[in-house]
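**Q** Take this structure, written in C-alpha cells, and hold onto it; I'll ask about it next.
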Amino acid sequence: MQRAIHSESSGAWPAENAAASVTLTYDDRHRRRMRLTTDGGEAILLDLEKATLLRDGDGLRLEDDSWVRVAAAPEDVVDVYGATARETARLAWHLGNRHLPVQILDDGGIRFRYDHVIEAMVHGLGGTTQRHQAPFTPEGGAYEGGGHHHHHHDHDHAHD
C-alpha cells in the first residue's frame, strides 16, 4: 500500500499530474494518519507528520512522488442568510456563540452541517435556510496559526 507522506495547498503542486483523486468529508480531511481509498478503489495510507486540514484541490504526494488530488465530498449542510448584512452578521454571532463550525460563503451566507435544532434556532431568529448537499470547509479559527491555507496544527493527538 502506498503512503501519502506530504500535502501541498491547491496551486502549489502539479495538479495536472495527479495520478488519482480521493473524495473525503470534512472530518476525514482533518487527519494525520488513516487508511484512504482513492476514487478509483486503490488503498493508500495517509501518513503525515502532523494533523493537517486538507482542502478541496490540495495534493497528497505519495512515496513514489506521484500525486493524489483531494476533493471535498458533498455533505448534508444548511446555508443561512439574514434579510440584511446586519442580520446575517447577527446570525453569525449566534452560531459562533454555540462554538459551531461554520463556513463563510462567497455570497455572504453562512454554512453549517445540518442540525435540526440549530436550523430551528436560525428560523426563530428570522434567518432563512437552504438545506442541501455541498462540500463543507469551516473557518479554521483565530488560534489555528495562519491564513486560509495553513495546514499544520499543534494538536496532533486530537485528530489521529
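**Q** Rounded to the nearest 10 degrees, what's the angle between the helix 85-97 long axis and the longest principal axis of the chain, both from Cα atoms, 0 to 90?
**A** Long axis of 85-97 versus the principal axis of the chain: about 70 degrees.
**Q** Per residue, how much accessible area does the chain show when a 1.4 Å probe rolls over the protein heavy atoms, in square angstrom?
**A** For the chain, the per-residue accessible area is 54 Å².
**Q** Given the -39500 (n - 2.57) contribution per DSSP H run of 4+ residues, what per-residue ellipticity at 222 nm results for the chain, rounded to the nearest 500 deg cm²/dmol?
**A** My calculation for the chain gives -4000 deg cm²/dmol from helical runs alone.
**Q** Among GLY109, GLY96, GLY127, whose mean-square fluctuation peaks in a Gaussian network model of the chain (Cα, cutoff 10 Å)?
**A** Evaluated over the chain, the most mobile residue of the options is GLY96.
**Q** Taking the structure as given and computing Kirkwood radius over Cα pairs in Å, which label from (1) 15.9; (2) 17.7; (3) 16.9 fits?
**A** Working out Kirkwood radius over Cα pairs in Å from the coordinates points to (3).
**Q** Continuing with the same structure: Highest GNM mean-square fluctuation, the chain, Cα pairs closer than 10 Å: which of PRO138, PRO14, PRO101?
**A** Result for the chain, Cα springs under 10 Å: PRO14 fluctuates most.
The values are calculated or read from the model by the stated rules, or taken from the named source; none is laboratory data. Keep in mind that what you see is a predicted model, and the values were worked out from it rather than measured. Keep in mind that these areas ignore ligands, DNA and RNA; they rest on the heavy atoms of the full protein, side chains included. Shrake-Rupley method; radii C 1.70, N 1.55, O 1.52, S 1.80 Å.
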